[in-house]
1. Enumerate the amide H contacts of B:T267 below 5 Å, restricted to partners 5 or more residues apart or on another chain; note that Pro and chain-start residues carry no placed amide H.
2. Rounded to the nearest 0.05, what FRET efficiency do B:F135 and B:D50 have when you use their Cβ-Cβ distance and R0 = 41 Å?
3. How charged is the neighbourhood of B:T304? Take every other residue with its Cβ under 10 Å from the Cβ of B:T304, and add Lys/Arg as +1 and Asp/Glu as -1.
4. In terms of modelled amide H atoms, which long-range or inter-chain residues lie less than 5 Å from the amide H of A:W184?
5. Please give the average number of partner chain Cβ atoms lying within 10 Å of the Cβ of each residue in B:321-334, rounded to a whole number.
6. List the residues, sorted by chain then number, that are 5 or more residues from A:T476 or on another chain and whose placed amide H is less than 5 Å from its amide H.
7. To the nearest 20 debye, what charge dipole does the stretch A:84-269 have about its Cα centre, counting +1 at the Cβ of each Lys and Arg and -1 at the Cβ of each Asp and Glu?
8. What net charge do the residues around A:G468 carry, taking every other residue with its C-beta under 12 Å from that of A:G468, with Lys and Arg at +1 and Asp and Glu at -1?
Amino acid sequence: MSQLHQKGTDPRASQSGHGSPYRKMGTPLDAQSLQNKRFTRRTLMLGAGGLGLFGLLASKLYNLQNIEGRKYNSLAQDNRTATRFLPSIRGKIYDRTKTLIASNSQNLRVLLIPDQADNISTSLDLLARTIPVSTRQKQRILRIARRQNPQIPILVTDNIGWKQFARINVLGKRIPGIISDISWRRQYHYGEEFAHIVGHLGPPSELQLAANPALRLPGTLVGANGIEQGFNERLQGKPGHQEFEVNARGRNIKALNKKPASNGEDLYLTIDHVLQQRILQRLSPYRRAAVVAMDVNSGDVVAICSTPSFDANILTHPIDEKRWNELKDARDHPLSDKATRGQYPPGSTFKMVTALAALEAGVITPATTFKCTGVMEWRKHKFHCWSRTGHGNMRLHKALKQSCDVYFYQTARKVGIRRLAAMARQLGLGDVYDCGLPGQKPGLIPDPDWMQSIKRRVWFGGETVLAGIGQGDVLTTPLQLAVMTARLATGRKVQPRFAHAKEDAPRLVPPKLELKEASLELIRKAMTGVINDRDGTGAKAALGWPGLQMAGKTGTSQVRAIQRGKTPKEIEWKYQDHALFVAFAPARNPRYAISVIIEHGKSGGKVAGPVARDVMKMLLIRDPVQRLSLASPAQPSIPGHPDFQAVNDRGGQ
Amino acid sequence: MINDPAPLLPVLRKLTRLPWFFLAIISLIAGLGILTLQSILINDVAIYADQQLIRYLIALAALITFAMVPPAIWMRLSYPLFFMAIVLVLLVPLIGVSPPGSGANRWLMFFGVSIQPSELLKITLVLALARYFHFAAADKISHPLYLLPPALMILVPLLPIFLQPDLGTAMMIAMIGAGMIFLAGVNSLYFITAIALVIAALPVLWANLLPYQRERIFTYLDPERDPLGAGYHLLQSKITLGSAGMWGKGAMQGPQIQLNFLPEKHTDFIFAMFTEERGFMGAVGLMGLYMLCFALLSAMALRTTTLYGRLTISGMALTLFLYVFINMGMVMGLLPVVGVPLPLMSYGGTSIASLMFGLGIAIASFVHRSNKA
C-alpha cells in the first residue's frame, strides 16, 4: 500500500481530490485510490483473460497435433499431399455453318514434379535412357524448378508417340518425380483461312500469371490473338484440382479432395469457312489484299480475309526461332491482319461521307453545280482532279458516279472539317469497335483538335480539301469501310460482330442514325449508278444479273503525291496507288456490305471492282434467302466455283 | 510536473533497479528466435540469424538506455512522439513503398532504412493515452467529455490505417486503445455498451470489406476452399504445426521448412517453424515464456508509483500480448491471416525496435519508482 500513500503526496491528487471526496455509500475512499484499486483489479482481470486465451491457443495446438494431427501428420511427414491440377478443356470454335474451326487433340506428355524427385538432374538422366532429353531441355527444367512451387509439374517433352508413352508408363514409375499424362492441344482445322481472325494460343504473360497461378501448369496456353484472345475468359474455363496422398517416392496412395475442372464454353463465329476459302482463293493473284463482308442488318461479319495468310497451327505449338523469324520477316507480312490492322487512306470511298455531311449541313442540294476543269485553284494551291481534262459541270449524282475530285474539293471546303469529321465518326470511321476482337487499329479521322494536340500546329484549309476525297491524313481499315457501307445501306448504327456464345443468339436491330432518309437515298442512288450506269467508275463490278443490282464506290488512294510525267509502269510497285472498293447488295433491300482493298492494285474500278463483284456473288449465292430468289434459269455462272455451278444446275432442272 | 523522487539516482543505482529477470526472459525468447532462424541457410550462411542477433543486441542496448532516462522526460515527449507517428502514418499513402512480394504500401524509406509507421503508432499511442490519463482527474474520467480526447487519439490515426487498408493493425490499435481506457478505470458500462455495438455493427462492416479481405475470411473459415491459392499459406502452416509431434523434429530437420513449403516462415510464420523443430512441448514452453513476460510486466506495473508509469507498462504488456496472441492464433488458424509478426521472434527490424523502445520507455517509470528503500 506504500505506493498509494506516495500517490497521495502527488500535488495533483489534492487538485483532483476536492471534486468528490466520497464515492458510493459513503465509503471514504477518494477517487485516486479508487482508481488505483480499479487498476489492480482490472490488471488481474486482463491477466486472467490473457491466461484463458493462451489456454485456448495451447488447446488448439494440442488439437491440431492430436485430434486433427493424424490427418496433418500423414499429409506432412513421409506421406505428403500432392495436388495435381486438372486442366480445363478449352471451348471449341465453330463457324457460321457449325463446322469445327478450332478443337483440341490429345497430347501425350512427360512431366517432372520437382517436389517428388530427389535430384532433378538424376531423374532426367534416367529418363534420357527411354526418351531423348537434350542438355538445353535439362537446363530449362532446372531453371524453372528453381523459380516455382515445387509441386507444380514441369513439362519435359510433349507430343510423344503412344509407344513412347507406354514405355514411360512402365519404366517411368521407377524414376522419382517423372509422370506422364494426356493433355489437350489446340488444333485449327482451317488454320490458314482463320489465322488472323481466330488468332492462336500462346504462353500467358507475366501479368496473367500473377492474376491466375493456375496458368503456371505446364503447357498452359491462353489466347494470344484474335477471337482466341478476345473471348479467352469464356473459352478457357476453370481448372480443377485433385489432391493425392503420396508416399516418399511421389507415388499416389490415395485420392483425397477433388474439384473437377469446368471446361470452357464453345463459341460460334459469324464467319463462313466456305466463303473464307473462296475469297482467299479469289485474292490469290494479289500480293497483299483484304476483304471484309458483313450482314448489313445484324452486323455479323460473314467473311474477313487478309492475304497472304499463314497456318495458325504453327504458332500454337512450340516453334523454333528460325521458323518464327522466317514467318515474321516473310515478304508481304503474312502475320499482320490487313483487314482490321491495316490502315489505308480511303480515297474516293470517303466521298459518300463528304457528300452526306454537306447534304445534312444544307450546304449543297442535289442541284448544286460545280464546274470541274481538271484542277481547282485555291489560295495559291492547285488541287488536281484525276481526270486531267476535267468533268465539266457536275451535280452530286454524277460527281459521285464519276468520282469527280473537284466537286468534292468544293463540297469539303463548304462543309468544313469539323462537320466532315463528325460525319465520318457517325459512320463508324476513326475508332475501334467493342466486339471482342483485340488489336483493331483505329485509323484516323483528322480534325483541328487532333492537329493541335498531336502534331502541334494549326489546321490548314487545304487539308480540309484533301480530307474531302479521303486523302491527306485520313486513314481507315477495311473493317471500318465495311461498317461505313453497311451504315449507309441501312441508315442504322450497325456494329460488327464476330462471335456469339450461344447458338442463334438473338440480336437487337441497331438504332437509327440521325440522318435524313432523303440524303441517304440520294447517296445510295448515286452508288447504284457507280456500278450500273455506263459512265460509272465501277462499271466493271456490275453483277450482270437481271433484277439484282449492286451499289458501290471505287477508290484509288494515293500512297504518294501524283507523279506527273511517269507512266504507271515506271513507278515502283510499292508506290503504286491502292485499289479500293466498297459495295452493298441488293441495291434495293440490302443484305451484305463489303469492302475490298488491294494494296498497290493501281485502280479501284479496274482491279478492286471485279473482286468486289465476285465476292458479292459468292455471298448472295451462299445466302439462304437469296438462294431461293436466284434459282432461276437465267442465272450466269462463274466457272470453277462448284456452288455457282450448283445453283445453275438446280435452276436448269 | 511528475513527482519524481529519484531524479538524480546515480547510474549504478539505476542499473541495479532494472528488471534484470525480465530482460533475461525476453533475451531468452529472442535467442530462441535467432536459433530458429539458424535453420534457414541462404548460400550456406544463416544470414537472417546473424542480422537478427545484431539487431536484437542494438535494441536491447537502446532499451536499457531508454530505461535510464527520467520518466518526466518521456512524459513530456509523449504527445510529440505520438503526433510524429501520426504524421508518418499519413505519409505512407503519399510516399510509401511496398515490401517485395506484397501489394500493400506500409513502409516508409528514410536514408535507406525502411520503417513501418503503424508499428511506431502502436507504441506512441500507449504513451499518449498514459499521459492523458495521468493528468485527468480520477473522479471525472468516466464523464463523456473527458473521454472525447482519448477517443480522438485512437480514432484519428485509425482512419488512415483503415483506409490503407490494413485491417489487422487497425483492429490492434482499437484494442490497445480500449485496453488502456479500461485500465485507466473508466466505468465498465462503456465497455459493455461498446461490445454490444460492435456485435451489432458486424453485418455493416462485412458489407464494406474489400474483396481481398472477404477472401481472407472465407479462406480462414475454410482453407480447403483454395488449397493452392489463398488457402495455401494457412493449410501449409497447419500441416507444419500438426505434424510436429510432441518433441519436434530437431533443428534443421523439419521437412516442411527445409522443403520450402511454408512461405514467410522467417517472419510472420516463425512460430510454425519453431514448433516443427521443437514440437508441442517447445511451443507450450515458448507460450509459457511469453506468459511469464506478461506476468512480470504486470507485477512491475503494480509496483510502479505513478499512473503514467503503470499505464505505460501495462499498455506495453497489452501490446505484447495482442501481438503474440494474434500471431499464434493466425498461424494455428484460429484467427484470419492478417500479417502480424511474433514479437522478439520474427525476423524484422521495425517490429523488434519499436517494441524494445516502448518497453524501455515503460521500464523507465519502474526504474525511477519511489519506494521506501
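Every number here is computed from the coordinates shown, using simple stated rules; none is lab data. No experiment lies behind these values; they were computed from the predicted model shown. Glycine also receives a Cβ, built like all others from the backbone with ideal geometry; neighbour counts cover every protein chain displayed.
1. B:Y347
2. With a Förster radius of 41 Å, E is 0.35.
3. +3
4. Sorted by chain and number, the residues that satisfy this are A:N107.
5. 3
6. A:Y344, A:L444
7. In total the dipole reaches around 680 debye.
8. +2
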